[in-house]
1. Using θ = phi - 60° and the Karplus curve 6.51 cos²θ - 1.76 cosθ + 1.60, what whole-Hz ³J(HN,Hα) does each residue of the range 57-66 get, with Gly and Pro shown as x?
2. Restricted to Cα positions, what overall size does the range 60-146 have along the principal axes? Three whole-Å values, descending.
3. Using alpha-carbon pairs under 8 Å, 6+ residues apart, how would you state the relative contact order of the range 22-143 in percent?
4. Ignoring solvent entirely, what values of log10 I(q)/I(0) come out of the Debye formula for the chain at 0.10, 0.17, 0.21 Å⁻¹ when each Cα is a single scatterer?
5. Once amide H atoms are built 1.01 Å from N in the peptide plane, which residues 5 or more positions from residue 48, or in another chain, come under 5 Å H to H?
6. In percent, how large is the relative contact order of the range 28-95, given Cα pairs closer than 8 Å and 6 or more residues apart?
7. Using the 10 angstrom Cβ neighbour count as an exposure proxy, how do 76, 29, 140 rank, fewest first?
8. Using a Cα distance threshold of under 30 Å, what count of lysine pairs results for the chain when pairs must be 8 or more residues apart or interchain?
Amino acid sequence: MYLPASPKAAVADKALGASHKSSGTVLVMDDEDVVRASVGKMLESMGYATVGKNSGREAVDFFIHETNAGHSFAAMIFDLTIPGGMGGIEAIAEIRKLNKEIPVFVMSGYADNSTMKNPVEYGFTASIPKPFTIAELSEMLNRNRV
């Protein structure tokens, strides 16, 4: 295979980087450490503090504890499925009983799933398919005014 070469140095397109800046705490729930860490780093580069949880049950319990302590969240990002544990659909159902306003996003590698196609019908603010770039995450947060 041959790829065309260019004598010019490659330059990163700034439009592809994060254009979203904000603050507050975002709760990220995913059963994979690497996903929690990666999404956390993306959010931190935008100005957020992040907290990672392994399952929906941990996320809901943490949300309840922190809310009762007077702490708030800017948003939450939940994985759709957690093998052997509470996933995003079950977690959002519990969160919405407690708080109908907080932005909660669903992420998944199953882009064809009905929840990913129609996140609002399931209680989510929006969806983002995995894998995603920081630019895509930034765009979603901007679009939803987080």
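A short reminder: the numbers here are calculations on the coordinates, not readings from a lab. A quick note: this is a predicted structure, and the numbers were derived from the prediction, not measured. Neighbour counts run over all protein chains shown; Cβ positions are idealised from the backbone, glycine included.
1. Each residue of the range 57-66 in turn: 4, 4, 5, 5, 4, 5, 4, 4, 4, 5 Hz.
2. Principal-axis extents of the Cα atoms in the range 60-146, largest first: 36, 31, 21 Å.
3. With pairs under 8 Å counted, the relative contact order is 21 percent.
4. -0.36, -0.90, -1.37
5. 22
6. With pairs under 8 Å counted, the relative contact order is 36 percent.
7. Working: 76 27, 29 32, 140 21.
In increasing order of surrounding Cβ atoms, one gets 140, 76, 29.
8. 23
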